[in-house]
């Protein structure tokens with residue numbers, strides 16, 4: 001059977017993907033629900049854009065999370081890819097079991113007073129400021145403080161410099177020294193692990209200390225897996241929720257009636273719960289699902305995804321699919337049901353989902369209450385979005401008080 005041909009995406013939609021991927025996603029869902037990008041010298045990448053396909057493939061055992069199945073492909077910093085996001089069973093099961101206890105919802109719920117305390121302190125600092133960067137002044141330090149508390153990162157490493165070292169690995173500065181950034185990251189992780197071995201235990205959950213002991217005492221996790229897991233948890237535990245807060249506040253600024261609805265005195269916890277879910281759906285902090293490749297040939301929409309080819313499951317597109325969500329491009333904070341895929345689905349469902357939801361539940365009402373009337377300090381089309389493949393988030397959200 002001859003291959004099924006598909007039209008090429010319009011150049012203007014491709015060019016705007018970082019700033020606004022949703023018109024491109026709509027084009028894919030309509031014209032090319034299984035679209036392949038083939039370039040010389042690179043692995044083929046399939047983009048899957050419809051909700052039902054994305055959800056089904058998130059649990060399909062024919063897809064593998066092992067990047068070694070794609071010769072020459074390294075998804076991230078060298079030496080830091082042996083973690084649960086890049087593992088199939090039984091390794092995925094073993095690694096997830098080691099970290100799961102720190103992220104169970106009942107344990108995460110105990111952090112609510114601490115999250116609120118940190119959020120209030122950050123807002124105190126900018127209470128009199130006219131110009132605010134919601135990312136640098138609030139979303140980044142809040143979310144990093146929380147994941148540092150869970151991992152047991154000492155206070156002297158809970159800094160903007162540490163955050164910059166992490167973020168440089170997913171949205172590198174093209175003018176910077178990529179090798180230096182990677183070396184800095186390895187040095188940071190080695191220092192964290194060495195500190196745990198020397199008895200550094202700042203209190204709290206101290207998940208990293210528990211992982212170090214698991215490796216040293218029983219061999220349950222290798223040294224490479226330990227370093228990779230520390231990197232993964234620091235990064236995604238911070239980045240996902242930072243994006244939720246930034247993307248969510250931008251959506252509320254664009255929809256003042258919905259913001260007023262959430263801020264109203266009688267809004268209640270029910271609306272807050274559905275609001276966080278809708279903000280996760282509307283502009284998902286994770287745009288593409290993490291790495292997957294075909295472990296065997298897969299037929300989809302008349303096309304064949306060959307073994308060893310990368311499959312990109314477009315979560316951001318699935319969450320705007322009109323076949324699943326009524327009026328999908330409308331922000332409706334009371335939307336229910338809302339079975340979005342912002343945290344994935346199936347065995348690789350985001351382990352930090354409860355933490356992200358709780359931080360959003362604390363952050364949004366406080367921001368609406370304490371910031372007062374604010375507006376964008378520059379046109380929306382000039383806002384800087386980080387050009388990361390998996391995540392979708394703003395590099396800055398400059399606001400000015402009215």
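Just a few scattered comments:
- Conditions (1) touching a residue at least 40 places away in the same chain (Cβ under 8 Å); (2) surrounded by fewer than 15 Cβ atoms within 10 Å (Cβ to Cβ); (3) under 29 Å from residue 23 (Cβ atoms); number of the one not met by residue 39: (1)
- Extreme residue, farthest from residue 143 (Cα to Cα), among residues of the range 247-270 that are without any contact (Cβ under 8 Å) to a residue 12 or more places away in the chain and in a helix (DSSP H, G or I): 257
- One residue alone among 89, 43, 77, 71 is within 20 Å of residue 299 (Cα to Cα) and part of a loop (DSSP other than H, G, I, E, B), and that residue is 43.
- Taken over the range 111-148, the criterion of being touching a residue at least 40 places away in the same chain (Cβ under 8 Å), over 20 Å from residue 356 (Cβ atoms) and part of a loop (DSSP other than H, G, I, E, B) is satisfied by 127, 129, 130.
- Within the range 9-42, being farther than 20 Å from residue 393 by Cα and in contact with a helix residue (DSSP H, G or I) (Cβ under 9 Å, 6 or more places away or on another chain) holds for 9, 10, 12, 27, 28, 29, 33, 34, 35.
- Those residues of the range 149-164 which are surrounded by 20 or more Cβ atoms within 10 Å (Cβ to Cβ) and free of Cβ contacts under 8 Å to residues at least 60 places away in the same chain, in sequence order: 149, 152, 162
- Flag for residue 297 being touching a helix residue (DSSP H, G or I) at 6+ places or on another chain (Cβ under 8 Å) and at pLDDT 95 or above: no
- Some residue of the range 231-246 being out of contact with any helix residue (DSSP H, G or I) (no Cβ under 7 Å at 6 or more places or on another chain) and in a loop (DSSP other than H, G, I, E, B): no
- Condition check for residue 182 on (1) in a helix (DSSP H, G or I); (2) at pLDDT 90 or above; (3) surrounded by 14 or more Cβ atoms within 10 Å (Cβ to Cβ): one failure, at (2).
- Residue 379 being more than 30 Å from residue 100 (Cα to Cα), out of contact with any helix residue (DSSP H, G or I) (no Cβ under 7 Å at 6 or more places or on another chain) and in contact (Cβ under 8 Å) with a residue 12 or more places away in the chain: no
- Considering residues of the range 57-82 that are closer than 18 Å to residue 286 by Cα and crowded, with 18+ Cβ neighbours inside 10 Å only, the residue modelled with the lowest pLDDT: 76
- Selected residue [under 30 Å from residue 250 (Cα atoms), exposed (fewer than 12 other Cβ atoms within 10 Å of the Cβ), at pLDDT 95 or above and touching a strand residue (DSSP E or B) at 6+ places or on another chain (Cβ under 9 Å)] from 54, 48, 130: 130
The values are calculated or read from the model by the stated rules, or taken from the named source; none is laboratory data. Just so it is clear, the model here is predicted, and its values are computed rather than measured. As a convention, Cβ positions derive from the backbone with ideal geometry for all residues, glycine included, and neighbour counts pool all protein chains shown.
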